[in-house]
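Take a look at the structure below.
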Amino acid sequence: MPGSNSPTGPLLMLLIKHREAYVSGQIIADSLKVSRAAVWKAVEALRAEGYLIDSIKSKGYRLASVPDILGEREVRLGFKARRLGKKIYCLSETDSTNTFASRLAAQGEPDGTVVLSEYQSAGRGRLGRKWISPPGVNIYMSVILRPEIPPDEAPLATLMAAVALAKAVRGLYELDARIKWPNDLLIGGKKAAGILTEMSAEPERVRHIIIGIGIDVNMPAGEFPEELRGISTSVKLELGRESNRAELVRRLIAELEGGYADLRAGRRGNITAQWKELSCTLGRMVRINTLRGERYGFAEDITEDGGLVLTQDGEREVITSGDVSFI
Ligand code: BTN
């Protein structure tokens, strides 16, 4: 990592701004207020990190490609933090970003802190499952939220995160990403991302909520374990090309920002309406594996706290947790 006086950050911003065109070394030096030798050194430093920078003597420098790194500088490129992402931890390895974020939250870490890791040695999924977390290809991200809401409104945080996730993927790529209850992201009918929400609360108030999001971004088919191959996918497999993870993280934080504003302001209806619009569960016959056994029925609606309303032979039941399959 370059030192704080290195102009690599500003140089990168400038090259990204002029992405299509060459910028002369003199213009760069003038606008960054450094010598041409310093510009050359910074270009070399970026190249050593994997940035492809074309140079032509008479024209200057042009950014040809950005490496897929989840470093703080890459994530912050062109990103303006409002409430979320003022502090971003970019780890190369951790047990689980949710566990790491919980530890930080217990020590008083502020609202909106984001934790990212290139690899998780003990990634956790819903219902006590493992979350497959190979290095360098996916997004493993946790966000610490401290909304001033009663604990019974906390399930809305998961709904709003699922909405933000679907909107980020749909907005960035032309993919029909949809939410399967409660909060799986499906693309082309297969799971590409999941959310694990964990909360610490007193009877009257939420202390903190950790929203953990795992997205299979550039995961090749061969990395999925045998048993997941027919039901899981990655953005890369659906798109037919790799995508830049830092760009997706930025978009996701931006979408979460809007959802979090709704959550804090108590705009429940906004969150549930968007969830319903993006859902692929409602209006279908489903089977749900719950801790109390299997349930079958028509997925009619969701309640304000995220329960699934199931109807069967005139009976109505609200399911609060489980795994849905379509029948
Ligand atoms: C699911 O089972 O669908 C939820 C998966 C959530 C995985 C993410 S990856 C980042 C965060 N850290 C974890 O250990 N789990 C969540």
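Tabulated values for the structure
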{"item": "Selection status of Thr233, touching a Gly at 6+ places or on another chain (Cβ under 7 Å), at pLDDT 95 or above and surrounded by fewer than 21 Cβ atoms within 10 Å (Cβ to Cβ)", "result": "no"}
{"item": "Residue selected from region 127-147 under the condition in contact with a Pro (Cβ under 8 Å, 6 or more places away or on another chain) and either of a type in the set (Lys, Arg) or surrounded by fewer than 19 Cβ atoms within 10 Å (Cβ to Cβ) (or both), by the criterion nearest to Arg207 (Cα to Cα)", "result": "Arg146"}
{"item": "Count of region 269-322 residues which are farther than 26 Å from Gly258 by Cβ, open to solvent by 40 Å² or more (accessible area, probe 1.4 Å) and in contact (Cβ under 8 Å) with a residue 24 or more places away in the chain", "result": "8"}
{"item": "Selection count, region 208-230, where residues are out of contact with any Ser or Thr (no Cβ under 9 Å at 6 or more places or on another chain) and either crowded, with 20+ Cβ neighbours inside 10 Å or assigned to a helix (DSSP H, G or I) (or both)", "result": "4"}
{"item": "Pairs where the first residue, in region 208-222, is at positive phi and the second is in a helix (DSSP H, G or I) and modelled with pLDDT under 95, C-beta under 6 Å, 6+ apart", "result": "none"}
{"item": "Selection count where residues are of a type in the set (D, E, K, R) and open to solvent by less than 20 Å² (accessible area, probe 1.4 Å), scope region 236-256", "result": "1"}
{"item": "Conditions (1) in a strand (DSSP E or B); (2) out of contact with any Asp or Glu (no Cβ under 7 Å at 6 or more places or on another chain); (3) closer than 29 Å to Val324 by Cβ; number of the one not met by Tyr89", "result": "(3)"}
{"item": "Residue in region 100-120 that is over 15 Å from the mean Cα position of the chain (by Cα) and within 19 Å of Glu255 (Cβ to Cβ) present", "result": "yes"}
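Residue-by-condition table, conditions (1) open to solvent by less than 40 Å² (accessible area, probe 1.4 Å); (2) among the aliphatic types (A, V, I, L, M); (3) touching a residue at least 24 places away in the same chain (Cβ under 8 Å); (4) within 14 Å of the ligand (Cβ to nearest atom):
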position	(1), (2), (3), (4)
Thr94	yes, no, yes, yes
Gly108	no, no, no, no
Ile149	yes, yes, yes, no
Leu159	yes, yes, yes, no
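The values are calculated or read from the model by the stated rules, or taken from the named source; none is laboratory data. Because the structure is predicted, anything quoted here is derived from the model rather than measured. Neighbour counts run over all protein chains shown; Cβ positions are idealised from the backbone, glycine included. Areas reflect the complete protein model, heavy atoms only, side chains present, ligands, DNA and RNA absent. Shrake-Rupley method; radii C 1.70, N 1.55, O 1.52, S 1.80 Å.
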